[in-house]
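Below you'll find the structure, written out as structure tokens, and then a few comments.
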Amino acid sequence: MSRTVLERLERLPRRDLTVLSLKGISTLVPGGWSNLTSADRLIREVIGSDDPELVRQVRARADQLSLARHEGYERALSLYDAVNRSQHATGGLRVLANVTAGVPLLKRIASVTPPGDTLQAVDLSLKVGAELLAFTQVNGLPGDSFADFGAALADYAGEARVRMAALVCFDGLLPLGDQALSRLDGLLGAAGSGDLRKLPAYGRMAALIPGRSDSEHMNFLRRGVDQWLGWAGGFVSQLGLTGQRAVQALESTLGPWQGRMDQLAAFLDAFTDTYAHTGVQAVARRLVERAAAEI
Amino acid sequence: MSRLLRWVIGITIAVTLIGGAILLLPFSTWLPGGTVAEISTREVVNGTEFNALFPSAAAGESVVFTQEKRGFSEAKLKHDGQVTALLAISDTVTAPEARTKFAAVQTRLKGWPLVDQGAQASALLVADRFQVKVIGQGSGLEPERRHELLGAFDLQALAALQPAAASRGRLAKAAEPRRLPPASGEQLPQLELKSAAPQPAS
């Protein structure tokens, strides 16, 4: 629990399903992605120097900052963890429903699992909401005006392009189809606060979301998603992302896939940690940038 | 008697469970407090105050604010969308060890001690408290350009900043950590120079 951000960075997997699927998605994004798991390399990259004494100082400062609860770095990570656990749980249920749907005696399991696009849409909005909350925990509210804040958000999203591409593809385009972004608002409108309650991550996030009731939280999430949709729409059309292209990109690293797209999405949800993985890397970079400026 | 025993056992179990829950469950990350170096946030200047002091962008460049916390504000200097430098102001109250590197330096910029850290970073200590730093990113920046950027910050206004606690008449308390910087031998001439340095006209 009291592991620092940089320790968590160094414990990230070098090569597993998560890393392979991120590598696959990164082929769609210009600039690519390297799986950064070495704290020292990150520090050297940020300060532009190999001096071991400087690296040691930055690291000590980064550890001090990440242990200070007030600074929010750990809190951002626990948000990512909560969302990740929720994703595993719902993904696992969907995989189970898919598997058992073909077995006559077990068909009933498929009918009790929460299916459907609405739940997927709420899950995506929860992830976008978590992203916004984590952003304010890590970066505060940068700048003096709303325009400054918007620029900071866009900059952050640009830095984490592969992370956003993974979010758009795995939680939007694959399970909801190519029209995911335009359908999202309608789906969220149809979702009641009961759908929110069905997601395990919501319980842990509820205290951090502004508002006192489930419906207020839902409102916050919808507003957050509205903000994000504007950006994500441009991102998708700029890179020409579609479900088909995402599957092709994933096949280049994971091997051939012959099922439906939403099955692939369920499989990835259940067995990968892309959200938490890239989250730790993004937080670590911001933390090191701060520590380097403070030593 | 068995009834008394039952009560005792019941209460013991309840106390153990509650005690265990408080000690073992990860509540601590959600509690308030836990500030950097255990210094009260009121003694640290808020990052909002630093924002206005950053240099304004030249033609073809843009300054994008990226982080703002208690005692810290950071922006990226971008040229044609590429990040060329990190610009930051921090309050060294929470990091007194950061001041040691300025103790013996002779180089000055606008009257404040200037240090180059490694190949890409330059730092300035203003009013013996605020550290202004420029770190070259990507292909890097020449030292002259970094120093020029440092000089473009509004250093006079920065030197005049005070933490919220101090302005409410807690000057002595807020100033205490300031008097403690290491390298005691170098401290006296440093202080003299400080008073000779340009002070705000307020």
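The values are calculated or read from the model by the stated rules, or taken from the named source; none is laboratory data. In this text the structure is predicted, and so the values were computed from the model without any measurement. Note that each Cβ is placed from the backbone with ideal geometry, even for glycine, and that neighbours are counted across all protein chains shown. With ligands, DNA and RNA removed, areas are computed over all heavy atoms of the protein, side chains included. Shrake-Rupley method; radii C 1.70, N 1.55, O 1.52, S 1.80 Å.
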Checklist outcome for this item: Of the residues in segment B:140-154 that are in contact (Cβ under 8 Å) with a residue 40 or more places away in the chain and open to solvent by 20 Å² or more (accessible area, probe 1.4 Å), the one that is farthest from the other protein chains (Cβ to nearest Cβ) is B:Ala152
Item to check | Flag for A:Arg8 being basic (Lys, Arg) and either in contact with a Leu (Cβ under 9 Å, 6 or more places away or on another chain) or in contact (Cβ under 8 Å) with a residue 24 or more places away in the chain (or both) | outcome: yes
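Looking only at helices (runs of 4 or more DSSP H) that lie completely in segment A:111-229, which have at least 2 residues being more than 14 Å from chain B (Cβ to nearest Cβ)? Spell out the reasoning first.
Details: elements: A:116-139, A:146-159, A:161-168, A:180-190, A:193-197, A:200-205.
Ranges flagged: A:116-139, A:161-168, A:180-190, A:193-197, A:200-205.
For (1) at the interface with chain A (Cβ under 7 Å from one of its Cβ atoms); (2) under 15 Å from the mean Cα position of the chain (by Cα); (3) at positive phi; (4) surrounded by fewer than 16 Cβ atoms within 10 Å (Cβ to Cβ), each residue gets a yes or a no:
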{"position": "B:Ala75", "(1), (2), (3), (4)": "no, yes, no, no"}
{"position": "B:Ala95", "(1), (2), (3), (4)": "yes, yes, no, no"}
{"position": "B:Arg99", "(1), (2), (3), (4)": "no, yes, no, no"}
{"position": "B:Ala103", "(1), (2), (3), (4)": "no, no, no, no"}
{"position": "B:Leu114", "(1), (2), (3), (4)": "no, no, no, no"}
{"position": "B:Leu125", "(1), (2), (3), (4)": "no, yes, no, no"}
Next on the checklist: Please go through (1) open to solvent by 10 Å² or more (accessible area, probe 1.4 Å); (2) modelled with pLDDT under 80; (3) of a type in the set (Gly, Ala, Ser) for A:Ala152 and return the number of the only condition it doesn't satisfy.
Outcome noted: (1)
Checklist entry - Which of the residues spanning segment B:127-139 are of a type in the set (Lys, Arg) and within 11 Å of chain A (Cβ to nearest Cβ)? => result B:Lys133
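Yes or no, residue by residue, for (1) surrounded by 14 or more Cβ atoms within 10 Å (Cβ to Cβ); (2) under 20 Å from B:Val134 (Cα atoms); (3) more than 9 Å from chain A (Cβ to nearest Cβ); (4) at pLDDT 80 or above:
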{"site": "B:Ile18", "(1), (2), (3), (4)": "no, no, yes, yes"}
{"site": "B:Leu31", "(1), (2), (3), (4)": "no, no, no, no"}
{"site": "B:Gly47", "(1), (2), (3), (4)": "yes, yes, no, yes"}
{"site": "B:Asn51", "(1), (2), (3), (4)": "yes, yes, no, yes"}
{"site": "B:Phe54", "(1), (2), (3), (4)": "yes, yes, yes, yes"}
Next on the checklist: Could you go through segment A:73-83 and let me know if any residue there is more than 10 Å from chain B (Cβ to nearest Cβ), within 28 Å of A:Pro200 (Cβ to Cβ) and of a type in the set (D, E, K, R).
Outcome noted: yes
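Counting only residues that are small (Gly, Ala, Ser), within 26 Å of the chain's Cα centre (by Cα) and at pLDDT 90 or above, how many does segment A:47-79 have? Talk me through it step by step, then tell me what you get.
So in segment A:47-79, the residues small (Gly, Ala, Ser) come out as A:48-49, A:60, A:62, A:66, A:68, A:72, A:76, A:78.
So of that shortlist, the ones also within 26 Å of the chain's Cα centre (by Cα) come out as A:62, A:66, A:68, A:72, A:76, A:78.
So of that shortlist, the ones also at pLDDT 90 or above come out as A:62.
Final tally of qualifying residues: 1.
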Checklist entry - Do we have any residue at all in segment A:269-277 that's away from every other protein chain (no Cβ under 14 Å), open to solvent by 10 Å² or more (accessible area, probe 1.4 Å) and not in a helix (DSSP H, G or I)? => result yes
Next on the checklist: Based on this model, can you work out whether A:Arg44 counts as open to solvent by 10 Å² or more (accessible area, probe 1.4 Å), modelled with pLDDT of 90 or more and closer than 16 Å to A:Ala292 by Cα?
Outcome noted: yes
Checklist entry - Can you pull out the helices (runs of 4 or more DSSP H) entirely within segment B:105-202 that have at least 3 residues that are at pLDDT 70 or above? => result B:143-152, B:155-159
Checklist outcome for this item: Here the residues within segment A:57-72 that are at the interface with chain B (Cβ under 7 Å from one of its Cβ atoms), surrounded by fewer than 22 Cβ atoms within 10 Å (Cβ to Cβ) and of a type in the set (D, E, K, R) are A:Arg69
